[in-house]
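J.: Questions regarding the structure given below will be posed in turn.
The values are calculated or read from the model by the stated rules, or taken from the named source; none is laboratory data. Since we're looking at a predicted model, the values are computed, not measured. Cβ: placed from backbone, ideal geometry, glycine included. Neighbour counts: every protein chain shown.
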Amino acid sequence: MLAAVLGLHIADWIVLCCYFVGILGVGIWSATKVTNATDFFMGGRRFGKFFMMFFAFGSGTSSDQAINAVAGTWRTGLAGIWWQFLYLPVTPFYWVIAPILRRIRALTTADFFGSRFSPATAILYSVYGIVISIVFIAGALFSSGKMINSLTGNSLDRMAESIAFEIPVVSLTSVAASEKDLNGEDPKPRLTFPVYWRQLAGYEYAILAMTVMFVIYGMAGGLSAAIITDFAQGILTIAFSLLLLPFVFWEIGGLGALHQQPHLKAETFDFLAVNSAAQQLGAEPITFFYVCVLSLTALVGIIVQPHIMGVCGAGKTEYEGRFGFTVGNFLKRFCTVAWTFTGLACAAWYLGTNSPLATSDNPADRAIYAAVQQRASDEFDQLPTEQQQEIDAIDRKFADELFGRAAFDILPRIVPGLVGLLMASLLAAVMSTSDAQMVVSSGLFTENIYKRHIAPAKSESHYLWVGRFAGLAIVVAALMLQATFTDVIQAMKVVIKTPAAIGISMWFGIFWRRWNTSAVWVATSASVATWIAVSQYGDQLHAAVPALSGMFKQTDTGWVMQGMWQDVSYLAAGVIAGVTTALLTRPQPLQQLDKFYTLLRTPVQEGEVLLTPCSVPEDNNVREPVIEFAGFQFPYPTRIGVVGFAVAWGLVFVIIGLTKLLSVIL
């Protein structure tokens, strides 16, 4: 019955059931190891480098990223890889920043803000960090739900149509009122939050199923469960990244056949500038400057993502966090290469004459084939606007589901159970990200808001249960947010931009003594306000500053500032506002600054006992030298730091060179 309803072979269900039983068993076992908040929110700081490597890989690698890479490749060719490669130039800095974050000895990132600045900034970050986690979980669930639906041959869509269950959706919209105000003048444009009802989509039933799974073991075992399951799920994620690649190439004629596809244009294989292809597909040209801006935004935001403190801090010493954070993310970069070439092969197959869409017995598939052919043609711009929008919507939906659709068309013909294995790997990838985000964000609420300001002096058991239910509430909010996304690339943009506004203050707070509480509030507020202005009021900004018209593009709904200039605008606004405020206001008390920077000079010793977060252990009197000038303070370079940083940059160039080489020979 299940096979008939959900389009999966009995062997696929057996594989999935084995995965579910195993993952729930780990969650229940991990729950027996949780006795206090440090165990739940930081895993007891007892993990070695290989567990930390897979924790960094698993918590930072979700199936939505594979789907983003494949969808981006479908829309912009090889250059679509930069939607994931934007973190590649950032990765060497993980080797440098990981030991610093471990030395902070924080339970949550909000502890850093409270120790370095003030309790009020800890609350600010806690709220902001919870929002970041909600966005991350929503993006991962949205993309993965799309793929699971396609893995079932869109059976979930058909099920949803038969159930016809409706949900409310709240959206953010910038509108200009049509009526005059009391003075007879045109009112200013305003933000509105319209609520509308829509039918629950098929992929959202998959989202609900995934959510139940990771909430159960995440609420039970906390970060320990996340780290232990990420070890197994990381292996499954690597398998998921490589499983489909050889079979899709087989369909187009084998390795070396990509450049033999007459329907793929030369721009498809451009590694950076894809001006003509980008314009044709309605995307921004992916130039060197574009990549630099996105990478800078990613670097500013990565340090403040709520789970990063756990990724760097759950290991026994600084080296475990450094090794795990850096090597785990380089594993992800290699997986990105596999995702991208899977996307290129899928584009060659589904746009070609032997496309399974063209030869399908299903009229809906043939209609999709006609639409994607029109979308890729030179005549698309000559079509009526309404027809362009209809075709573009079909193309976007197909791009979002492309990875899963290819698996559905290929894997059942090879060995029964492969779709189940791919789905288990997919679930592993998304749940390893979502559970970590759920746990760390619940820690932000419990440790920095509830415990300190609502209900202090309660038992450890009380705070553990508050943390568990806070995580549940955060996941519910993420479910509501994902309902507002329209495609996976839009979701990816939100994920990239969200953390950077407050990330500015964490970077300055670590390295510059002059950055103070006022600067945190002003910089964050200026960044967020600028982001809202440049993303929601494109028409008004384009009219007000015609000299900057090159930063805008015209769409069906009006003028929109290009994404990279949005990033430049809100990052610049935050830095300028924060630096100005820091220089014009009083610095933090000298005693507070000395205590914090002494903490950064004190290396972590294995087995050290902390009475409170962000404090120097009483029996640790080792202090390392630092470089100081103009109020800035940097760790003194060490051999392992310099060599590791250089090796990491070598790997960056190896991965770029490998990608370029494969784009020529495949």
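J.: Go through the residues of region 338-346 one by one and say whether even a single one is assigned to a helix (DSSP H, G or I), closer than 30 Å to Met309 by Cβ and either in contact (Cβ under 8 Å) with a residue 12 or more places away in the chain or touching a helix residue (DSSP H, G or I) at 6+ places or on another chain (Cβ under 8 Å) (or both). Full working, then the answer.
T.: Going through region 338-346, the residues assigned to a helix (DSSP H, G or I) turn out to be 338-346.
Now restrict to residues that are closer than 30 Å to Met309 by Cβ: 338-339.
Restricting the remaining residues to those that are either in contact (Cβ under 8 Å) with a residue 12 or more places away in the chain or touching a helix residue (DSSP H, G or I) at 6+ places or on another chain (Cβ under 8 Å) (or both) gives 338-339.
The answer is yes; a qualifying residue exists.
Residue-by-condition table, conditions (1) without any contact (Cβ under 8 Å) to a residue 60 or more places away in the chain; (2) in a helix (DSSP H, G or I):
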{"site": "Ala348", "(1), (2)": "no, yes"}
{"site": "Thr359", "(1), (2)": "yes, no"}
{"site": "Ala371", "(1), (2)": "yes, yes"}
{"site": "Phe403", "(1), (2)": "no, yes"}
{"site": "Asp409", "(1), (2)": "yes, yes"}
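J.: Determine the pairs where a residue that is outside the structural domain of Lys332 (by TED's automatic domain parsing), located within region 650-666, has a partner that is part of a helix (DSSP H, G or I) and surrounded by 13 or more Cβ atoms within 10 Å (Cβ to Cβ) with Cβ atoms under 6 Å apart, the partner being 6 or more residues away or on another chain.
T.: Leu651/Phe330; Ile655/Arg333; Thr659/Val337; Ser663/Leu78; Ser663/Phe269; Leu666/Leu258
J.: All but one of (1) surrounded by 19 or more Cβ atoms within 10 Å (Cβ to Cβ); (2) at pLDDT below 90; (3) not acidic (Asp, Glu) hold for Gly509, so report the exception by its number.
T.: For Gly509, the failing item is (2).
J.: Being at pLDDT below 80 and aromatic (Phe, Trp, Tyr) is the requirement here; does Phe380 meet it?
T.: yes
J.: Which residue is surrounded by the most Cβ atoms within 10 Å (Cβ to Cβ), if the candidates are limited to region 79-138 and must be touching a Pro at 6+ places or on another chain (Cβ under 9 Å) and outside any helix (DSSP H, G or I)?
T.: Top of the filtered list is Thr108.
J.: Of the residues that make up region 627-638, is at least one touching a residue at least 12 places away in the same chain (Cβ under 8 Å) and part of a helix (DSSP H, G or I)?
T.: no
J.: Output the residues belonging to region 144-158 that are in a helix (DSSP H, G or I) and farther than 9 Å from Gln482 by Cβ.
T.: Ser144, Lys146, Met147, Ile148, Asn149, Ser150, Leu151, Ser155, Leu156, Asp157, Arg158
J.: With respect to Gly417, is the statement that it is of a type in the set (Gly, Ala, Ser), over 20 Å from Phe136 (Cα atoms) and in the same structural domain as Ser377 (by TED's automatic domain parsing) true?
T.: Details: of a type in the set (Gly, Ala, Ser): yes; over 20 Å from Phe136 (Cα atoms): yes; in the same structural domain as Ser377 (by TED's automatic domain parsing): yes.
When the stated conditions are applied, Gly417 passes them.
J.: With the checklist (1) crowded, with 21+ Cβ neighbours inside 10 Å; (2) within 30 Å of Phe408 (Cα to Cα); (3) modelled with pLDDT under 85 in hand, flag the one item Thr353 doesn't pass.
T.: That leaves (1) as the condition not met.
Table: residues versus (1) surrounded by fewer than 17 Cβ atoms within 10 Å (Cβ to Cβ); (2) in a helix (DSSP H, G or I); (3) hydrophobic (A, V, I, L, M, F, W, C).
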residue: Asp567; (1), (2), (3): no, yes, no
residue: Gly578; (1), (2), (3): no, yes, no
residue: Gln591; (1), (2), (3): yes, yes, no
residue: Leu600; (1), (2), (3): no, yes, yes
residue: Gln605; (1), (2), (3): yes, no, no
residue: Val616; (1), (2), (3): no, no, yes
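J.: Then there is this: Taking region 408-420 as the region of interest, how many residues are in contact with a helix residue (DSSP H, G or I) (Cβ under 6 Å, 6 or more places away or on another chain) and under 14 Å from Met147 (Cα atoms)?
T.: Here the count works out to 3.
J.: Mind listing whichever residues of region 627-666 are β-branched (Val, Ile, Thr) and farther than 20 Å from Leu78 by Cβ? Walk me through how you get there before you give the answer.
T.: Filtering region 627-666 down to residues β-branched (Val, Ile, Thr) leaves 627, 638, 640, 642-643, 647, 652, 654-656, 659, 664-665.
Result: Ile627, Thr638, Ile640, Val642, Val643, Val647.
J.: Can you tell me which residue among Val575, Val568, Val528 is out of contact with any Gly (no Cβ under 8 Å at 6 or more places or on another chain), at pLDDT 90 or above and not assigned by TED's automatic domain parsing to the domain that holds Ala122?
T.: Of Val575, Val568, Val528, the one residue that is out of contact with any Gly (no Cβ under 8 Å at 6 or more places or on another chain), at pLDDT 90 or above and not assigned by TED's automatic domain parsing to the domain that holds Ala122 is Val575.
J.: May I ask you to verify whether Arg375 is buried (at least 22 other Cβ atoms within 10 Å of the Cβ) and assigned to a helix (DSSP H, G or I)? So that I can check it myself, show each step before the final result.
T.: On the way: buried (at least 22 other Cβ atoms within 10 Å of the Cβ): yes; assigned to a helix (DSSP H, G or I): yes.
Answer is yes for this residue.
J.: Further question: Check off (1) surrounded by fewer than 13 Cβ atoms within 10 Å (Cβ to Cβ); (2) within 24 Å of Cys312 (Cβ to Cβ); (3) touching a residue at least 40 places away in the same chain (Cβ under 8 Å) for Arg586 and give me the number that stays unchecked.
T.: All conditions pass for Arg586, except number (2).
J.: Quick one: Gln562 ticks every box in (1) touching a residue at least 40 places away in the same chain (Cβ under 8 Å); (2) out of contact with any Asp or Glu (no Cβ under 6 Å at 6 or more places or on another chain) bar one, so which box is it?
T.: So Gln562 meets the others, but not (2).
J.: Since Phe113 meets every condition but one in (1) modelled with pLDDT under 80; (2) over 18 Å from the mean Cα position of the chain (by Cα); (3) more than 24 Å from His9 (Cα to Cα), which condition does it not meet?
T.: Single failed check for Phe113: (1).
J.: Any chance region 324-339 includes a residue that's within 19 Å of Leu258 (Cβ to Cβ) and among the small types (Gly, Ala, Ser)?
T.: Taking every residue of region 324-339 in turn, at least one turns out to be within 19 Å of Leu258 (Cβ to Cβ) and among the small types (Gly, Ala, Ser).
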